[in-house]
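Input: a single structure, listed below in structure tokens.
The values are calculated or read from the model by the stated rules, or taken from the named source; none is laboratory data. Computed from a predicted model, the values in this text were never measured in an experiment. Here the Cβ positions follow ideal geometry from the backbone for every residue, glycine too, while neighbour counts run over all protein chains shown. Calculation scope for accessible area: heavy atoms of the full protein, side chains included, ligands and nucleic acids excluded. Shrake-Rupley method; radii C 1.70, N 1.55, O 1.52, S 1.80 Å.
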Amino acid sequence: MIAYLDPGAGFTFFKEPLFLLPILGGIIYFFLLLFKITWRFILKFRLIFILAVILLVIGGIIVLKGEKQPQKKVLILGIDAMDPEITKYLLDSGKLPNFMALKEKGYYSKLKTVIPAESCVVWTCFATGAQPADCGIFDFIMRDPQTYVPYLGLNEVVPDVKFIKIGKFKIPISKKLKARNLVKKESFWNSLSNSDIPVSVYFHPNTFPAEKIYGNMISGMGVPDLYGTMGRFLFYSENEMGDKKDSRGKIIRVNKKGNIIKTFIYGPKIETKGRAEESKIPLDITVDTVRNNIELKLAKDNFILQKGEWSSFHRVAFKINAFRYIKGIVKFYLKSVEPLELYCSPVNIDPLNPIFPISHPKKYSAKLAKDVGFYHTQGMPHDTWAFVEGKLDEKAFLQHVDDILGEKVKIFNKAFEKFHSGVMFFYIDTLDIVQHLFWRQMKENNSQRIYDYYVKMDQILANILAKIDKNTTLIVLSDHGFKSFDYTVDLNHWLYEHGYLVMKEGINTSDGFFEGVDWNKTQAYALGFGSIYINKFGREKFGIVMNEDYKKIKMEIKDKLLEMVNPDSKESAISKVYTNDEVFSGTYEYLAPDLYVGFYPGYRVSWQTALGGLSDDLIKPNTKLWSGTHLIDPEFVPGVIFSNQKLHLNNPEIVDIAPLITNMYQF
């Protein structure tokens, strides 16, 4: 999984026009009239109606008894970032006995990933059995060449305006938000569904909004919070928090009157009279320094929270208009009582009443919540930024990680109860998160933290092996491995130094979004996690590189990048630079970057570059907690695959697995 950078500023909900009221009234009257007529008909012919119902029920029972359901089952466990080198070490050390059983009796191999080795890209390629150029996803962050504006490469949420036509006039009757996935190729679950083979998909990255399949789906990576981001936390503090602009959360300074603090939970933006304003609901906090706890009151919900304790999920509702509320769920963590420091999670979409389709069937998210309790619906549920920024300490964050893993296990167990035939995919991202944030401990010869979570994956596998029968093919795989992240590399700084990116007069840095770039003189720019684009005439809005010069400039940049050396260590930073015609040939190659930079282990593109920024330094030490990465040359970070069957795969690639699955059902 990539670092949790979010190029968007969230989305805005809209108030419905008031002239909907008479329309709604007319609809209600129509249905009441229809019900009255139908009820009279049923009473008049009630004996015939009852007999018909009985015959239908009996017929249905006979059909179900006689129907032969396919008994072949394929269970796929996707463990994000399971590294083959760590896995081998722990296998040899006897720490992963259940994975060892698969290796000895079935199949085990490294698994070649794709370019780039970003979770959102790799899992999409796994699902479609296609390379990025044939599914249209190239990076977590992509750009619109007509505006140069970065956007989330997974999905988009846009206004959806509905009209009625009266004569020559079109009158808007509603304005809502609609989510649309950006994957451009069919996934294996679509192929299976089209052949009436049951398939269920749980938390697979890039499945928002949920798709209609012949089974159940819970959307994964890509589901936003209610603010429209990949996760914006709230942090309440009596302390002055300093510069808040770089925080990924909303920092709220609070003041106590007596032992009472009155503040708000902030929710989605709502457009009112042409202006977008944050919605909010009251939050009252009563501080008890004697008992070292606080009492929180939101609406009719009151509960006590001890210092160092996580709350359960609590429901919140933000008013959009007189008839409509948007509902979410939040959790709290009490870091300190005196002075108060209180963390509030991003407002997750309420699975009981989702504003967007996060499951299929639509009501399945609610059914699941009723069966196992509330769960994180946000696609990337781990609040890594709150930990990186010190709003959550290590103990609190790891409890957060374990709680999410516990949710996943409960959901898996419930889902498995209904898994009688077909295919089931289940995704776990725990290893990715732990390795991103605790890799530095590996370098300090303290590997136990990460190893412990590999052991937890083995325990989950033990649970699965105890459940499956002889008719079940089990496949366990990861999308990529992991390496150290010691230095950041600012590719826009390099392009600036070498004259390919030009800034406006008097400007030599940018916070992001290409602010200050002089496009009329710029030949190339970098965005995302290793992508470089040529400012090409006819493609980019202000493109200046003509077709006859395009290849020359592209190859020139490639050759010069390979000469990049770390001034401190004198070692090369870049392993390979891939050109679009080498690795991005396909139906949607026009969306691809022109170059992709594959770093050596230890190096990764800078945070500034990812969002189109420009800093003062080309290469500098990475001092953040985020100390592990897979955003390097994919040759260094293959994934891993296990199975309880002897799979006929030589030098397997992750794009081989979807065809393997569908071929099991004779596609």
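Do we have any residue at all in segment 178-188 that's modelled with pLDDT of 95 or more and farther than 16 Å from Tyr588 by Cβ? Yes, the conditions are met somewhere in segment 178-188. I'd like the residue in segment 497-533 that is in a loop (DSSP other than H, G, I, E, B) and among the hydrophobic types (A, V, I, L, M, F, W, C) and, out of all such residues, is nearest to the chain's Cα centre (by Cα). Looking at residues that are in a loop (DSSP other than H, G, I, E, B) and among the hydrophobic types (A, V, I, L, M, F, W, C), I get Phe529.
The residue list Leu111, Leu102, Leu91 contains one member that is at pLDDT 95 or above, over 28 Å from the mean Cα position of the chain (by Cα), under 29 Å from Ser191 (Cβ atoms) and surrounded by 10 or more Cβ atoms within 10 Å (Cβ to Cβ), which is Leu102. Annotation for segment 631-641: at least one member residue is under 26 Å from Glu394 (Cα atoms), assigned to a loop (DSSP other than H, G, I, E, B) and not small (Gly, Ala, Ser). Filtering segment 292-304 to residues that are surrounded by 14 or more Cβ atoms within 10 Å (Cβ to Cβ) and of a type in the set (A, V, I, L, M) leaves Ile294, Leu296, Leu298, Ile304.
Scanning segment 260-269 turns up one or more residues that are loosely packed, with under 14 Cβ neighbours inside 10 Å and not hydrophobic (A, V, I, L, M, F, W, C). Summed over segment 434-474, the residues that are within 10 Å of Gly628 (Cβ to Cβ) and modelled with pLDDT of 95 or more give a count of 7. For segment 506-513, check the following and say yes or no: at least one residue is surrounded by 20 or more Cβ atoms within 10 Å (Cβ to Cβ) and within 25 Å of Asp581 (Cβ to Cβ). No, that holds for no residue.
Check whether at least one residue in segment 233-244 is surrounded by fewer than 24 Cβ atoms within 10 Å (Cβ to Cβ), of a type in the set (Lys, Arg), assigned to a loop (DSSP other than H, G, I, E, B) and out of contact with any His (no Cβ under 8 Å at 6 or more places or on another chain), and report yes or no. Yes - at least one qualifying residue is present in segment 233-244. For Val476, the conditions (1) buried (at least 19 other Cβ atoms within 10 Å of the Cβ); (2) of a type outside the set (S, T, N, Q); (3) over 30 Å from Ile115 (Cα atoms) are fulfilled apart from (3).
Residue-wise test of (1) touching a residue at least 12 places away in the same chain (Cβ under 8 Å); (2) out of contact with any helix residue (DSSP H, G or I) (no Cβ under 8 Å at 6 or more places or on another chain); (3) over 30 Å from Cys120 (Cβ atoms).
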| site | (1), (2), (3) |
| --- | --- |
| Lys250 | yes, yes, no |
| Gly258 | no, yes, yes |
| Tyr266 | yes, yes, no |
| Arg275 | no, yes, yes |
| Pro282 | yes, yes, yes |
| Arg315 | yes, yes, no |
| Arg324 | yes, yes, yes |
| Pro339 | yes, yes, yes |
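If we scan segment 474-490, do we find a residue that is touching a strand residue (DSSP E or B) at 6+ places or on another chain (Cβ under 6 Å) and under 21 Å from Asp144 (Cβ atoms)? No; the residues of segment 474-490 include none that is touching a strand residue (DSSP E or B) at 6+ places or on another chain (Cβ under 6 Å) and under 21 Å from Asp144 (Cβ atoms).
Looking at segment 114-157, which of the residues that are over 19 Å from Gly598 (Cβ atoms), among the aliphatic types (A, V, I, L, M) and more than 17 Å from the chain's Cα centre (by Cα) is modelled with the lowest pLDDT? Per the criteria, the residue is Val149.
Quick one: is Gly422 surrounded by 15 or more Cβ atoms within 10 Å (Cβ to Cβ), at positive phi and in contact (Cβ under 8 Å) with a residue 60 or more places away in the chain? Yes.
Which residue out of Asn520, Asn492 is polar (S, T, N, Q), modelled with pLDDT of 95 or more and buried (at least 21 other Cβ atoms within 10 Å of the Cβ)?
Checking each option against the conditions leaves just Asn492.
Every test in (1) of a type in the set (Val, Ile, Thr); (2) open to solvent by less than 60 Å² (accessible area, probe 1.4 Å); (3) at pLDDT 95 or above is passed by Thr289 save one, and that test is (2). Looking only at segment 592-609, count how many residues are under 24 Å from Thr147 (Cα atoms) and crowded, with 21+ Cβ neighbours inside 10 Å. Looking only at that region, the number is 10. Screening Gly406 against (1) out of contact with any Gly (no Cβ under 7 Å at 6 or more places or on another chain); (2) in a strand (DSSP E or B); (3) modelled with pLDDT of 95 or more leaves a single unmet condition, (2).
Please specify each residue of segment 305-358 satisfying the condition of being open to solvent by 50 Å² or more (accessible area, probe 1.4 Å), of a type in the set (A, V, I, L, M) and at pLDDT 95 or above. The answer is Leu352, and nothing else.
In this entry, Phe374 passes the filter for residues that are touching a residue at least 40 places away in the same chain (Cβ under 8 Å), hydrophobic (A, V, I, L, M, F, W, C), in a loop (DSSP other than H, G, I, E, B) and surrounded by fewer than 23 Cβ atoms within 10 Å (Cβ to Cβ). The residue that is modelled with the highest pLDDT, among those in segment 158-177 that are open to solvent by 60 Å² or more (accessible area, probe 1.4 Å) and in contact with an Asp or Glu (Cβ under 8 Å, 6 or more places away or on another chain), is Lys176.
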